[in-house]
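Below is one structure, written out as structure tokens; the observations come after it.
The values are calculated or read from the model by the stated rules, or taken from the named source; none is laboratory data. Keep in mind it's a predicted model, so treat the numbers as computed, not measured. For neighbour counting, all protein chains shown are included, and Cβ atoms are generated from backbone atoms with ideal geometry for every residue, glycine included. To get the accessible areas, we keep the full protein, side chains included, count just its heavy atoms, and leave off ligands, DNA and RNA. Shrake-Rupley method; radii C 1.70, N 1.55, O 1.52, S 1.80 Å.
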There are 2 protein chains.
Amino acid sequence: MDFEEAGTLVLPAAHGKAICLRAGWRVRVVNPHGTQALDFWAFNAADPSEFLSMDNVRSFNSVAYVEKETALVTTQRRPIVCMTEDTSAGQHDTLLCACNPAIYRELGVKGYHRSCSDNLHEALGEIGWKVPFTPAPLNMFMSVDVRPDGSLDRILPRSKPGAHVELRAEFDAVLVFSNCPQDVTTINGPDRTPRDCVLKILPPADAP
Amino acid sequence: MDFEEAGTLVLPAAHGKAICLRAGWRVRVVNPHGTQALDFWAFNAADPSEFLSMDNVRSFNSVAYVEKETALVTTQRRPIVCMTEDTSAGQHDTLLCACNPAIYRELGVKGYHRSCSDNLHEALGEIGWKVPFTPAPLNMFMSVDVRPDGSLDRILPRSKPGAHVELRAEFDAVLVFSNCPQDVTTINGPDRTPRDCVLKILPPADAP
């Protein structure tokens, strides 16, 4: 496995990318328009059966949403990444699935439409990995409220242009980002336009 | 695969069971004490990569909790079971992970403790299946509120003794039930005592 060196990558609209980060290295996820939802997954680089688990995150922290201080734990209840910075509107969603081919069929799309679920598997394939299911993602820059009656309210994106989230790998990890390709609903903003994001790979904060 | 015949099974406290149901067959899950949480999973009998998905259920229905009318859809967004009856307190939880070995270590338990996650894999093993991860369960007879600030409130069980839920298989399916072995927290009631439940296998409602 090739671990990332310091540098900047453009994550094209509607596409995904897997990066391998050594423990202590960071990735700053910059949202130039502020409105782009990013689905996020993390796997133990040494054992893909251990991965960031939304149902364990909710249980471990007793929260429905992720904020900067939320412990982002795996299926083994170990923190895999730490959100070291967050200039977004926060309240990152843990509740909704990655968009997938069946959702676009429900929405009336004819033919193939890119999806966060397919982006995950495409990105993992590019590093030679195959994971036989789609874990529930952390939906960054995306907020869903739970109303008192238990119904869900998908909120229009409300982060400012240039907002960023910084994640530090707590051990060697494969991180996968998908710029959500949703252009039918308003989850990426009222203009329904998927946009690029930027990934800045940064060495450990205390590196010389 | 041996599909279940009509009959009654006792699900022993703290243990799990997998049953194979033909399309249209039903299982009535009876909770003699009313307080016992049951973790539930469902898999396509012909393809275990398609399974009941809590993140898709929340997305498909725009709800955080499961009630009788909620569509219980798979990773392919197809209903796999239908809740045809529910005399429990409802508001079945979709948010929390199955209890697992790491949770019992966090709670200070020394040595091995049974868990819903292990029960799932043990039960699948008894029918010759191996699934390499633990899907998020539907936690029946268990309710968790989301407070306005996004924090979670685990509610004491409030179903009456003898409450039941009835599930109908929408296509040939493997259903797995785990009587939650939790005896440290009060998720199974203030006396922290895991208890038996009963599974009644019923033929299609229109059978002669």
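Values for this structure:
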{"item": "In region A:15-59, the residues that are within 12 Å of chain B (Cβ to nearest Cβ), open to solvent by 20 Å² or more (accessible area, probe 1.4 Å) and either of a type in the set (Ser, Thr, Tyr) or part of a loop (DSSP other than H, G, I, E, B) (or both)", "result": "A:Ser49"}
{"item": "B:Ala102 in contact with a Lys or Arg (Cβ under 6 Å, 6 or more places away or on another chain), more than 18 Å from A:Ser53 (Cα to Cα) and within 14 Å of chain A (Cβ to nearest Cβ)", "result": "no"}
{"item": "Failed item in (1) within 13 Å of chain A (Cβ to nearest Cβ); (2) in contact (Cβ under 8 Å) with a residue 12 or more places away in the chain, with B:Ser62 passing the rest", "result": "(2)"}
{"item": "Residues being under 20 Å from A:Gly162 (Cα atoms) and open to solvent by less than 50 Å² (accessible area, probe 1.4 Å) - total across region A:187-207", "result": "9"}
{"item": "For A:Ser178: the one exception among (1) among the polar types (S, T, N, Q); (2) touching a Gly at 6+ places or on another chain (Cβ under 7 Å); (3) open to solvent by 10 Å² or more (accessible area, probe 1.4 Å)", "result": "(3)"}
{"item": "Qualifying residue in region A:146-157 (condition: open to solvent by less than 10 Å² (accessible area, probe 1.4 Å) and part of a loop (DSSP other than H, G, I, E, B))", "result": "yes"}
{"item": "Members of region B:116-142 that are open to solvent by less than 10 Å² (accessible area, probe 1.4 Å) and either within 13 Å of chain A (Cβ to nearest Cβ) or of a type in the set (A, V, I, L, M) (or both)", "result": "B:Cys116, B:Leu120, B:Ala123, B:Leu124, B:Pro135, B:Pro137, B:Leu138, B:Asn139, B:Met140"}
{"item": "Per-region count, region B:94-115, residues closer than 29 Å to B:Pro204 by Cβ and either of a type in the set (D, E, K, R) or not in a loop (DSSP other than H, G, I, E, B) (or both)", "result": "0"}
{"item": "Only listed residue being small (Gly, Ala, Ser) and more than 25 Å from A:Ala64 (Cα to Cα), chosen from B:Gly125, B:Gly150", "result": "B:Gly125"}
{"item": "Unique residue being at negative phi and either within 13 Å of the chain's Cα centre (by Cα) or facing chain B (nearest Cβ under 9 Å) (or both) when the list is A:Thr75, A:Thr87, A:Thr70, A:Thr8", "result": "A:Thr75"}
